[in-house]
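Readers should treat all values here as calculations from the given coordinates under stated rules, not as data from a laboratory. Just so we're clear, the structure is a prediction, and the values are computed from it rather than from any experiment. Cβ coordinates were reconstructed from backbone atoms using ideal geometry, including for glycine residues, and neighbour counts include every protein chain displayed.
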């Protein structure tokens, strides 16, 4: 049995025939491949994330403002930097400080410099936490540097290249031996 079609020049009483996307030359697979290709190009060519170029004051290991002029964080490590961002009100930050210090000592031999940044609280509280760290730190009391760096949770770790390009970020602390934490952060 054949199909019923109207005579030439007349329209079908059932409406216009449907056309599938394959006959019009636009395959859904072709469109999906094109969209994925465009997404890959955007991700590949986007500007990489670097440490913010915002000046931060320094604090000495005994918890006093150093009085030195404010400067941005520069990476002086041969292989890169580890930036540890902590806040005085954060319990996990305080609990992770001994492990963070051990990690800093462990990765120094691998050519990584560690910079501690204390922020998101009043300057007096930040200086008090600096005493617990016992090393020179940077102060970000108003949290502007954290916002520019994309720090949304503390403690926060940023691993950079020697030029300051952020390679990896980790929100939350690892409670493990420094060798294992270095491996989890991609510093081996």
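Over the chain, calculate the relative contact order: mean separation of alpha carbon pairs under 8 Å at least 6 apart, over the residue count, as a percent.
RCO, the chain: 24 percent.
Can you tell me the length gained on complete extension of the stretch residue 42 to residue 163, counting 0.36 nm per residue apart and subtracting the Cα distance?
Net length gain for the segment: 41.3 nm.
Kindly provide log₁₀ I(q)/I(0) values, in the same order as q = 0.10, 0.15, 0.17 Å⁻¹, from the Debye equation applied to equal alpha-carbon scatterers of the chain.
For the chain at q = 0.10, 0.15, 0.17 Å⁻¹, log10 I(q)/I(0) is -0.50, -0.89, -1.06.
In the chain, what percentage of the DSSP-assigned beta bridges are antiparallel, given to the nearest 5?
Antiparallel bridges make up about 60 percent of those DSSP assigns within the chain.
List the residues of the range 151-169 whose backbone N lies under 18 Å from a point placed 7 Å from the Cα of residue 79 along the Cα-to-Cβ direction.
Within reach of a label on residue 79: 158-169.
Ranked by Cβ crowding within 10 angstrom, fewest neighbours first, how are 145, 89 ordered?
89, 145
On a full-extension model of 0.36 nm per residue, what is the gain between residue 27 and residue 179, subtracting their alpha-carbon distance, rounded to one decimal in nm?
Difference between extended and current length: 49.6 nm.
Under 8 Å for C-alpha pairs, at least 6 residues apart: give me the relative contact order for the range 61-160, rounded to a whole percent.
40
Report, in degrees rounded to the nearest 10, the 0 to 90 angle that the Cα long axis of helix 91-108 makes with the longest principal axis of the chain.
Orientation of helix 91-108: about 80 degrees from the principal axis.
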